[in-house]
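> Pasting a structure below so you can have a look.
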Amino acid sequence: MGKRSVVARTFLAGINVILTVALLIAGGHGPAWVEAQQLSAAPSIPISAESALLMESTSGKILFEKNPDKPLPPASITKIMTMLLVMEKIDQGKAGFSDMVVASERAMRMGGSQIWLEVGEEMSLEDLMKSIAIVSANDASVAVAEHIAGSEEAFVDMMNERGQELGMTGTNFVNASGLPDPNHYSTARDIALMSRALLRYPKVHEWFTTWIDYVRDGKNILVNTNRLIKSHEGVDGLKTGFTEEAGYCLAATAKKGSLRLISIVLKISDSTTRFNEASALLDLGFRHFTGVELAREGEVIDAVEVTRGVMDHVDAICLDPLVAVVPRGEEDKVKSEIVLAKKVDAPVAKGQKIGEMLALTEDGSIISRIALVASEDVKSGNILTVVFRISRNLLRALFRTNR
């Protein structure tokens, strides 16, 4: 190979590295060749569901798929998005579990699974969410939608907007409950994406794993529709679904060690088969893969210099846990890498992205990545603060030089 060719290849490699780092800091996903490094899928198994998917929750890696992008009626699995929007509003302080929700005539008239709300009846937002999670109550879904957005129509707009933000490209919602409508559809891949988002809230697992509970001061019983929480170790969610149009559906999740899996099966002919096939996919994933936890959510990774701020530095913390999903037996072949901005200008907002942490294979292929964010707000400093800091840093540098 000629000297010119070696120089050219070295130059191009350097450009590739620079572009990758720049995109990581900017919040992009790097060049296509980086994202093309995919985890090997698990061996195939017979699945009768019209559409199915097995995803590792933290990284979003797909371990099994069958027609994952085929639009199908999701039935009550729709309620995963309904619950997600409510949990996000609670997290933002715009709603509370103790809110008393007044049932409308529209909520009362919902068919299918319900808790028989009466017009004007008041029930806490927590009891309504519990009813949605455990018995898939349609009337409760409409009641919380109206409470959060003022009307179910406005809430549906929020559902579709949030879906787009999550990258759900094959979904269109027209109601908050999942009752049949030709224009109401989703895909196994999209359902896994909204499931990942909902699973960020520990409170939902409390409802999803409750076998029997009550509302109205014990007068009405709630019995969980997801029997996997009784029959499959580690299962702690999510939602069943059934209509004549959708068939039997299930979004299930389970965790063992650092590995959380999401199993989606859509349009199955009978209830027993949906549970068996969702369970078989979970077993397949846990049998062939393992999760290596490289960092915990909220863990401080490093500090980044802040210019023109009231503080010199801000801690960079993990927005999510960093888990590398690898075939069993390859746990020792995983390494991590930190990509951080050298400095950021004030003001800095708490949660602002200032870098990334990567999980890599031995050859440098990216397995998964998480954002590193600022641990707190850093306000801009006034001129006196900036001058004082510059002077102090100069004195420190001078002191170190003279030692």
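> May I ask you to derive the FRET efficiency for Glu330 and Lys230 from their Cβ-Cβ distance with R0 = 30 Å, giving the value to the nearest 0.05?
On the way: r = 33 Å, r/R0 = 1.11.
With a Förster radius of 30 Å, E is 0.35.
> Then there's this: Provide the gained length on full extension for the span Glu153 to Glu297, in nm with one decimal, where the gain is 0.36 nm per separating residue minus the Cα-Cα distance.
Working: separation 144, 0.36 × 144 = 51.84 nm, distance 3.54 nm.
48.3 nm is the gain from fully extending Glu153 to Glu297.
> Taking 25 °C and 0.890 mPa s as the conditions, I'd like the Stokes-Einstein D for the stretch 137-182 in µm²/s, using the Kirkwood hydrodynamic radius from alpha carbon pairs. The partial results should precede the final answer.
Working: Rh = 10.9 Å.
Rounded to a whole number, D works out at 226 µm²/s.
> Further question: Which order do peptides 291-297, 213-219, 274-280 fall in by mean Cβ count within 10 Å, highest first?
Working: 291-297: 18.4, 213-219: 12.1, 274-280: 21.7.
Those peptides, ordered most packed to least, come out 274-280, 291-297, 213-219.
> Let me ask something else. Say R0 is 30 Å: what FRET efficiency, to the nearest 0.05, do Ser98 and Asp181 get from their beta-carbon distance? Write down the numbers at each step before the final one.
Values: r = 33 Å, r/R0 = 1.10.
Here the calculated transfer efficiency is 0.35.
> Quick one: which of Lys89/Lys255; Lys203/Lys267; Lys61/Lys255 span more than 18 angstrom between C-alpha atoms?
On the way: Lys89/Lys255 26 Å; Lys203/Lys267 29 Å; Lys61/Lys255 15 Å.
Result: Lys89/Lys255; Lys203/Lys267 exceed 18 Å.
> Taking a virtual spin label 7 Å from the Cα of Leu319 along the C-beta vector, which residues in the stretch 183-217 bring their backbone nitrogen under 15 Å of it?
Within reach of a label on Leu319: 197-198, 200.
> Can you list the equivalent-ellipsoid semi-axes of the stretch 45-100, largest first and in whole Å, using the square root of 5 times each Cα gyration tensor eigenvalue? Each step should come with its number before you reach the end.
Details: eigenvalues 201, 44, 13 Å².
Taking √(5λ) for each Cα gyration eigenvalue gives 32, 15, 8 Å.
> How large is Rg/Rh for the stretch 33-161, to two decimals, with Cα atoms and a Kirkwood Rh? Could the numbers behind the result be given before it?
Numbers: Rg = 18.3 Å, Rh = 16.8 Å.
Reported Rg/Rh (Cα atoms, Kirkwood Rh): 1.09.
> Want the number for Asp345 to Glu118: 0.36 nm per residue separation, take away the alpha-carbon distance, what's left? The partial results should precede the final answer.
Working: separation 227, 0.36 × 227 = 81.72 nm, distance 5.52 nm.
Extra length available between Asp345 and Glu118 comes to 76.2 nm.
> Just to confirm my numbers, what's the Cα centroid distance between the stretch 67-122 and the stretch 268-339 in Å?
Their Cα centres are 30 Å away from one another.
> Quick one: which residues, 5+ away or cross-chain, put their amide H under 5 Å from the amide H of His313? H built at 1.01 Å from N.
Val306
> Related question: With θ set to phi - 60° and the Karplus curve 6.51 cos²θ - 1.76 cosθ + 1.60, what are the ³J(HN,Hα) couplings of the stretch 52-59 in order, to the nearest whole Hz, using x for Gly and Pro?
After applying 6.51 cos²θ - 1.76 cosθ + 1.60, I find 8, 7, 10, 10, 7, 5, 5, 8 Hz.
We did not get these values from a lab; they are worked out from the coordinates using the rules stated. Everything quoted here is computed from the prediction, not taken from an experiment. Don't worry about glycine lacking a Cβ; one is built from the backbone with ideal geometry, like all the others, and counts go over all protein chains shown.
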